[in-house]
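The values are calculated or read from the model by the stated rules, or taken from the named source; none is laboratory data. These numbers were taken from a predicted model, which means no experiment stands behind them. So basically every Cβ, Gly included, is an ideal-geometry build from the backbone, and we count neighbours across all protein chains shown. Each accessible area value is taken on the protein alone, full model and side chains, heavy atoms only, with ligands, DNA and RNA left out. Shrake-Rupley method; radii C 1.70, N 1.55, O 1.52, S 1.80 Å.
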Amino acid sequence: MGMCDFVVKSFYSDIDRLHFDAEVVFKQIEINTTYDFNVRLLVPIAYKGPIYLTLDNVTAKADIDINLTTRDSKRYVYLSKLKINIDFKNYNVKYDVYNSDLAQFNEIIKNFLGNNREEIVKILKPLIEVQISRRIILISNNIVKQFTYEELFPDRT
């Protein structure tokens, strides 16, 4: 959530190559997902539950390629490739471990997430980039599929 609240810092287009470069800042990105923790110390500990991440002031640089397709003798564009590189330094996390039998597990998770923030960011970053890219491609293609190439780029006909 929060993907629609952004500011464009820069945008470069090369219509001849069908390529765009953009830099945007997302005010806040919220992610709802599930974690699956399974470790064996002295006894096996396994728990699965929801986790809620909030990333503030996320800078994203995107390389975007579009392609042309012909349908009913009209040319249409679609996003074919989006490579995004996000930068976030910090995150807030909430997770649901409210079972009183898991109080120690809750403390372990809390300490791990609090003491290993840089490592967590390194793990989360590529996963988030893939999901953001997929979401932007889906949303963008749902928008541009309604317009012909000539309607989107009238000075190129």
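The table below gives the values:
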{"read-out": "Calculated [θ] (222 nm, deg cm²/dmol) that DSSP helices of n ≥ 4 give over the chain, each run adding -39,500 (n - 2.57)", "value": "-9500 deg cm²/dmol"}
{"read-out": "Global geometry of segment 1-83, whether rounded, prolate or oblate, following the gyration tensor of its Cα atoms and the 1.5 cut on a/c", "value": "prolate"}
{"read-out": "Geometric extent, Cα atoms of the chain - Rg, Dmax (angstrom)", "value": "20.8, 70"}
{"read-out": "Residue range of the chain that is longest and free of trypsin sites (Lys or Arg not before Pro) which are both DSSP loop and sparsely packed (at most 13 other C-beta within 10 Å)", "value": "18-88"}
{"read-out": "Subset of LYS61/LYS145; LYS89/LYS125; LYS81/LYS145; LYS81/LYS122; LYS27/LYS89 violating a 18 Å alpha-carbon distance limit", "value": "LYS61/LYS145; LYS81/LYS122"}
{"read-out": "Accessible area (Å², per residue) of the chain, counting only protein heavy atoms and a probe of 1.4 Å", "value": "69 Å²"}
{"read-out": "Under 17 Å from the Cα of LYS48 - lysines, other chains or at least 8 residues apart", "value": "LYS94, LYS110"}
{"read-out": "Within the chain, longest stretch free of exposed chymotrypsin sites (Phe, Trp or Tyr not before Pro) [DSSP loop, at most 13 other beta carbons within 10 Å]", "value": "1-97"}
{"read-out": "ALA46 versus ASP155: modelled label distance in nm, points set 7 Å from Cα along the beta carbon direction", "value": "6.1 nm"}
{"read-out": "Sulfur and carbon atoms: percent of accessible area, segment 6-152 [1.4 Å]", "value": "52 percent"}
